[in-house]
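S.K.: My structure is below; once you've seen it, I'll send some questions.
Every number in this text was worked out from the coordinates using simple rules, so none of it is lab data. Everything numeric here is computed off the predicted structure, so don't read it as measured data. Using ideal geometry, Cβ is built from the backbone for each residue, glycine included, and neighbour counts are taken over all protein chains shown.
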Amino acid sequence: MIIVISWLGCLKGSYIRLSEGKIWMKNFMYTNCTLLNEDIFLIGHLGGFPARMHSDGNIDYYDMMQGFVEKETGVVIDFMDYFQNKVYALDSKEGNLIIFNLQKQECKYIPLGCRYKSLMNFAVFERYGSDYYIFPKHENSFFIFDTNEEKIRKIKNCPNWWDKIQCACRVKDSIWILSGDTETLWCYYLSDGEIKVYGLERTIKDCVHAFYDGEAIFFLNRYGIIYIWDINKNEMSEITDLETEHIECESVSRIIHAGNRLILLPASGNDIKILDLETEKAEIYQDYPKDFIFEKEKYKFYGYCEDETSYIFAMCFGNYFLKIDKNSGKLAWIKPITDLLGKKAVEFMRKQVIYEEILDITDLLEINLPDIYEDDKALIGKEIYRCMETRG
């Protein structure tokens, strides 16, 4: 029997399967993450509920924060950062800057009012001192958010290249920006707002990610072409070893340079591709966990965080997090664990579960609710809690 439960949208649409007396969660759908010391802060795609994953994979959900608004239609976090006991996140779908005050257990939304065309509408979210710089992809302007005063400024009348940004990345105190189908690379200095322009002598298009490894900037084309910008020489070269047939929409999404490897992560494609820079040989990664799940034709990897030793990617429509060692380039997998029938989860459900499939769940828990309808969701949640508590 398959049932669907909506935890205020946080796990909505995730399938729970009964198998040998155990409950198994198919996917959690996180698009981004940030580090809280040794823990990882997460925001669920459906519902937008904040959670933290410990080093052993166990996930705890935060109590309801004051000012929090549930998003039943989904939340897509483009960028996320932890600073001075607050988590700052960009909600791409609704164009909000969300601030989670973890000490006061408060949540605040600051609408940016910028244009957007689809999901993943922001190109830059970088902190310089106590200010965050926010660059939308489809706006001839950008924002500066003062974390001390919690005030935001919109900088208008920027150069035309800001009408569309392919991708961008941080290099020390500057942001390097590749605009739409272009032969130009722009450098914006955070210290004084100075802009420098560099000619590429070629048209670069369809890029989805830029990554700085300390020496050069790697621009990743959605079809696997890699452009390398040498900052010292101001020259662009390219690698086409991993180029694929143009049949998958954004088949790759992220590039990481770790050890002597270039690691390409899929978007709607299905393969992780690794290029060894010493041997110049490319391979398809095969060493997945036995119970690993990829949702076909769904976005695989997008947001990530990092510490001194590793890059950690949140999972999109999957059941593992990916950890990449910076020194060796080796891949490891972290399986998130949620004790659905444990004390904390039961208490969470007692307060916040919304009941969806009455017949299936009542059969499972042997609840007799012949006269319960949609308007009685709170009562149904208490009945589910009562049955689980007596069985636990």
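S.K.: Treat the count of other C-beta atoms within 10 Å as a stand-in for reagent exposure and order PHE135, PHE313 from fewest to most. Show your work: numbers first, answer last.
M.R.: On the way: PHE135 22, PHE313 26.
Going from sparsest to densest Cβ surroundings: PHE135, PHE313.
S.K.: While we're on this one: Sorting THR182, THR240 on the 10 Å Cβ count, fewest up front, what's the list? Display every interim value, and only then the final one.
M.R.: Values: THR182 19, THR240 10.
Going from sparsest to densest Cβ surroundings: THR240, THR182.
S.K.: If I stretch the segment between LYS323 and THR240 completely, what's the gain in nm (0.36 nm per residue apart, minus their alpha carbon distance), one decimal? Each step should come with its number before you reach the end.
M.R.: Working: separation 83, 0.36 × 83 = 29.88 nm, distance 2.56 nm.
Stretched out fully, the LYS323 to THR240 stretch lengthens by 27.3 nm.
S.K.: So how do MET315, MET236 line up by other beta-carbon neighbours within 10 Å, fewest first? Don't jump to the answer; show the numbers that get you there.
M.R.: Details: MET315 27, MET236 20.
Going from sparsest to densest Cβ surroundings: MET236, MET315.
S.K.: Label point 7 Å out from VAL171 along Cα-to-Cβ: which residues of the range 204-227 have amide N under 18 Å?
M.R.: 204-205, 207-221, 226-227
S.K.: Taking R0 as 25 Å, what's the FRET efficiency between SER118 and GLU306 from their Cβ-Cβ distance, rounded to 0.05?
M.R.: Numbers: r = 26 Å, r/R0 = 1.06.
After rounding, the FRET efficiency stands at 0.40.
S.K.: Using Cα centres only, tell me the gap between the range 174-190 and the range 257-332 in whole Å.
M.R.: Going from one Cα centre to the other spans 26 Å.
S.K.: If I stretch the segment between ASP192 and LYS233 completely, what's the gain in nm (0.36 nm per residue apart, minus their alpha carbon distance), one decimal? Numbers along the way, then the final one.
M.R.: Working: separation 41, 0.36 × 41 = 14.76 nm, distance 2.35 nm.
Difference between extended and current length: 12.4 nm.
S.K.: Could I ask something else about it? Stretch GLU201-ASP213 to full length: gain in nm at 0.36 nm per residue minus the Cα-Cα span? Each step should come with its number before you reach the end.
M.R.: Numbers: separation 12, 0.36 × 12 = 4.32 nm, distance 2.31 nm.
Contour length minus the Cα-Cα distance gives 2.0 nm.
S.K.: Further question: Can you flag which of LYS156/LYS300; LYS117/LYS296; LYS196/LYS323; LYS156/LYS298; LYS298/LYS323; LYS108/LYS335 are past 28 Å Cα-Cα? Could the numbers behind the result be given before it?
M.R.: Numbers: LYS156/LYS300 34 Å; LYS117/LYS296 23 Å; LYS196/LYS323 35 Å; LYS156/LYS298 35 Å; LYS298/LYS323 20 Å; LYS108/LYS335 30 Å.
Beyond 28 Å: LYS156/LYS300; LYS196/LYS323; LYS156/LYS298; LYS108/LYS335.
S.K.: Which order, highest average first, do 322-331, 257-266, 146-155 follow once you tally other Cβ atoms within 10 Å for each residue and take the mean per peptide?
M.R.: Numbers: 322-331: 16.6, 257-266: 20.4, 146-155: 12.2.
Ranking, from highest mean packing down: 257-266, 322-331, 146-155.
S.K.: Further question: Where Lys and Arg each count +1 and Asp and Glu each count -1, what net charge lies around PHE68 among other residues with Cβ under 11 Å from its Cβ? Before the final figure, lay out each step's value.
M.R.: On the way: positive: LYS71, LYS108; negative: ASP63, GLU70, GLU106.
Once positives and negatives cancel, what remains is -1.
S.K.: Take peptides 52-60, 191-199 and line them up by average Cβ neighbours within 10 Å, highest first, as a rough protection proxy. Before the final figure, lay out the partial values.
M.R.: Working: 52-60: 15.0, 191-199: 10.7.
Ranking the peptides 52-60, 191-199 by packing returns 52-60, 191-199.
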